[in-house]
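K.L.:
Pasting a structure here, questions to come.
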Amino acid sequence: MNNEEWKITKDAMNIGQAMTAGILLEVACEPSPGLVSPNSMGAHKDMNLMSFLLSSAAIAPYFSLFAQLGRDWDEKEPLLEALRPHGINAEKEFLALTDQVNTQRGIVFLGGIVAAAAGIAGKTGEITVGKISQQVAMICDGIVARELESVELNGKKTNGEKLFMEHRLVGIRGEVEKGLPSVLDVGYPVFLEAMGDGMGLNDAMVHTLIHLFSSVEDTTVASRLGPEGLKKCKIASRMVIEKGGMRTKEGRKAVDDMNHYFIEENISPGGSADLLAVIVGIYLMEGHSLALETILTR
């Protein structure tokens, strides 16, 4: 499928727009410990907010395409294989704008699968987080065995493959194969409750992010610091949750302190950030609106 042959329906465009909004809102929330945000590079030296805005502009059209591929899927070939070449193209386009710095490879993979799953779900009725979860699991059935368990001992390996071979961490592949349990069982319920309580969009996202940190097997952290770094991330996050997270003055102070700690310890939970982007995207796909007071409330 060449660019000039793309035929995108309005339904697919809506899914793509929601996914892009989730990505942009995730990088806009703060404080987001260890992550790039409007006023911080997080635990990074080679990327900032502008890097993310540039790469987001490059990948944004692809989410509508992924959604359309889901809507048009005829089950004659594995959908994941149909998505893959377009994901590679999206990656090439954003790397060209960031001087080859990997700002968003993870969200191209995860967001592309979620958009395609939403495209399938939308053909038979309303898009819901439950339906997306089911379709993600279907699209990614067997991905751990195919892409991790079958990796040869010799040869060049990705960070994810190395972590699986050395520590049996399945990372995002395990997450999608199971239908996004960190979204379905942890992140989405926390975000929905926070928004329902009038917390405000920024704080609801940060609050959700901390809960994701506490439970996600984040290979972005593990690739830098190994399982011990992942353990530090989870322990620190659980301590913040015990103090109320973004619901209390003490919790807010703890989030700020955790941000400084993560930067000092080189902890950047990018996998959790991708999951937050997906959560916000799904929230919008379900038809929830973001009132002005919700956006402005801090």
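The values are calculated or read from the model by the stated rules, or taken from the named source; none is laboratory data. These figures come from a predicted structure and were not determined experimentally. Neighbour counts run over all protein chains shown; Cβ positions are idealised from the backbone, glycine included.
K.L.:
Go through the residues of the stretch 47-55 one by one and say whether even a single one is on the phi < 0 side of the Ramachandran plot and in contact with a Gly (Cβ under 8 Å, 6 or more places away or on another chain).
P.N.:
Within the stretch 47-55 (the criterion being on the phi < 0 side of the Ramachandran plot and in contact with a Gly (Cβ under 8 Å, 6 or more places away or on another chain)), the answer is no, since none of the residues qualifies.
K.L.:
Return the total of residues in the stretch 264-285 being surrounded by fewer than 24 Cβ atoms within 10 Å (Cβ to Cβ) and either within 15 Å of the chain's Cα centre (by Cα) or among the acidic types (D, E) (or both). Break it down stepwise before answering.
P.N.:
So in the stretch 264-285, the residues surrounded by fewer than 24 Cβ atoms within 10 Å (Cβ to Cβ) come out as 264-266, 283-284.
Restricting the remaining residues to those that are either within 15 Å of the chain's Cα centre (by Cα) or among the acidic types (D, E) (or both) gives 264-265, 283-284.
Total meeting the criteria: 4.
Here is a yes/no grid of residues against (1) assigned to a helix (DSSP H, G or I); (2) of a type in the set (A, V, I, L, M, F, W, C); (3) at pLDDT 95 or above:
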| residue | (1), (2), (3) |
| --- | --- |
| K157 | no, no, no |
| K162 | yes, no, no |
| G179 | no, no, yes |
| D185 | yes, no, yes |
| F191 | yes, yes, yes |
| S215 | no, no, no |
| T220 | yes, no, no |
| R224 | yes, no, no |
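K.L.:
Run down V190, V221, V206, V216 and say which single residue is out of contact with any strand residue (DSSP E or B) (no Cβ under 7 Å at 6 or more places or on another chain), hydrophobic (A, V, I, L, M, F, W, C) and within 20 Å of E286 (Cβ to Cβ).
P.N.:
V190
K.L.:
Continuing with this model, one more query. Identify the residue in the stretch 205-243 that is among the acidic types (D, E) and without any contact (Cβ under 8 Å) to a residue 40 or more places away in the chain and, among all such residues, is nearest to H44 (Cα to Cα). Reasoning before the result, please.
P.N.:
Let us first name the residues in the stretch 205-243 that are among the acidic types (D, E), namely 217-218, 228, 242.
Next, only the ones that are without any contact (Cβ under 8 Å) to a residue 40 or more places away in the chain stay: 228, 242.
Values: E228: 19, E242: 28 Å.
The selected residue is E228.
K.L.:
Within the stretch 169-204, which residues are free of Cβ contacts under 8 Å to residues at least 60 places away in the same chain, among the hydrophobic types (A, V, I, L, M, F, W, C) and farther than 30 Å from A145 by Cβ?
P.N.:
V190, A194, A204
Let's see how each residue does on (1) surrounded by 15 or more Cβ atoms within 10 Å (Cβ to Cβ); (2) among the charged types (D, E, K, R); (3) modelled with pLDDT under 95; (4) over 12 Å from S32 (Cα atoms):
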{"position": "E242", "(1), (2), (3), (4)": "no, yes, no, yes"}
{"position": "E250", "(1), (2), (3), (4)": "no, yes, no, yes"}
{"position": "N259", "(1), (2), (3), (4)": "yes, no, no, no"}
{"position": "G287", "(1), (2), (3), (4)": "no, no, no, yes"}
{"position": "L290", "(1), (2), (3), (4)": "no, no, yes, yes"}
{"position": "L296", "(1), (2), (3), (4)": "no, no, yes, yes"}
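K.L.:
Could you identify the single residue in A254, A277 that is in contact with a helix residue (DSSP H, G or I) (Cβ under 8 Å, 6 or more places away or on another chain), part of a helix (DSSP H, G or I) and without any contact (Cβ under 8 Å) to a residue 24 or more places away in the chain?
P.N.:
After ruling out the rest, the residue left standing is A254.
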